[in-house]
Amino acid sequence: MRKCEVVDLGRLGWAETFQIQQRIVEDRKRGESVDHLLFVEHPHVVTMGRNAKDHQVLASPEILARAGIAFYETDRGGGATYHGPGQIVGYPILDLREWKRDVRVLFRAIEQVLIDALSAFGIDARRNPDPGHEGVWVGNAKIAAIGIHISRWITSHGFALNVDTDLSYFQYIVPCGLAKPVCSVRSLGCAATASEVKQAIVASFAKTFDYRMDVQATDRAAAGVLQGAP
């Protein structure tokens with residue numbers, strides 16, 4: 001069974017986390033290291049994917065800055081999205097040459113990971129069948145966004161799941177270009193903690209991708225990733 005290392009980085013800025021992703025991606029391209037699932041909580045930030053349009057950000061850079069929100073353009077797919085406290089961001093860095101070389105299958109698999117994880121807490125999350133409505137939904141509200149980048153069959157970026165997120169921050173964007181409401185685990189009346197949700201995601205990830213998950217969610221392991229240590 002293939003191994004996937006799980007590392008919880010705690011709260012870390014988007015740019016610093018992106019550098020960590022890039023380092024692991026380059027290792028995987030060289031056939032080094034193992035696949036990873038990084039968990040992180042970002043400070044307030046808006047990111048723009050390759051398919052984003054300017055009108056998806058509803059505030060000027062000056063207004064975002066005054067609200068304490070960083071802004072970055074990224075190489076992932078998808079449109080504008082928001083990350084912030086109370087949100088679980090997961091970055092799977094996977095070598096698809098050892099799984100399935102199919103972008104659509106990967107996307108559906110990540111959706112399934114989140115759908116199954118949320119079902120453990122009684123949340124009826126589903127896919128939205130309408131074109132352009134990727135991600136995970138509860139009724140008409142989006143609870144998780146997904147944006148992926150693939151280079152030489154190595155994945156980066158990933159998903160953002162609203163757990164106890166201050167949903168008012170979504171007022172600054174049109175999430176993924178869709179004028180639809182957003183929701184969170186907490187707004188649905190579920191008291192599950194971020195730690196409990198992460199555990200459910202890890203279990204679902206192992207099942208969906210057929211991994212042996214090596215959970216390295218310790219301060220020492222996170223410090224090793226941050227410093228580039230093996």
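Quick notes
- Subset tally (residues that are in contact (Cβ under 8 Å) with a residue 40 or more places away in the chain and in contact with a strand residue (DSSP E or B) (Cβ under 7 Å, 6 or more places away or on another chain)) for the range 120-169: 24
- All positions within the range 94-110 that are outside any helix (DSSP H, G or I) and closer than 23 Å to residue 11 by Cβ: none
- Test for residue 89: is it in contact with a Lys or Arg (Cβ under 9 Å, 6 or more places away or on another chain), among the aliphatic types (A, V, I, L, M) and at pLDDT 95 or above: no
- All positions within the range 122-143 that are surrounded by fewer than 20 Cβ atoms within 10 Å (Cβ to Cβ), modelled with pLDDT of 95 or more and touching a helix residue (DSSP H, G or I) at 6+ places or on another chain (Cβ under 7 Å): 126
- Test for residue 148: is it within 16 Å of the chain's Cα centre (by Cα) and within 30 Å of residue 31 (Cβ to Cβ): yes
- Strands (runs of 3 or more DSSP E) within the range 1-65 that include 1 or more residues surrounded by 13 or more Cβ atoms within 10 Å (Cβ to Cβ), in contact (Cβ under 8 Å) with a residue 40 or more places away in the chain and more than 17 Å from the chain's Cα centre (by Cα): 2-11
- Note on the range 72-93: among residues that are among the hydroxyl-bearing types (Ser, Thr, Tyr) and outside any loop (DSSP other than H, G, I, E, B), the one that is nearest to residue 14 (Cα to Cα) is 72.
- Enumeration of residues in the range 66-87 that are loosely packed, with under 15 Cβ neighbours inside 10 Å and among the charged types (D, E, K, R): 66, 73, 75
- Exactly one residue out of 116, 95, 102 is loosely packed, with under 14 Cβ neighbours inside 10 Å and not polar (S, T, N, Q), and it is 102.
- Residue count for the range 187-230 satisfying the condition of being surrounded by 19 or more Cβ atoms within 10 Å (Cβ to Cβ) and at pLDDT below 60: 1.
The values are calculated or read from the model by the stated rules, or taken from the named source; none is laboratory data. Model, not experiment: these values are computed from the prediction. As a convention, Cβ positions derive from the backbone with ideal geometry for all residues, glycine included, and neighbour counts pool all protein chains shown.
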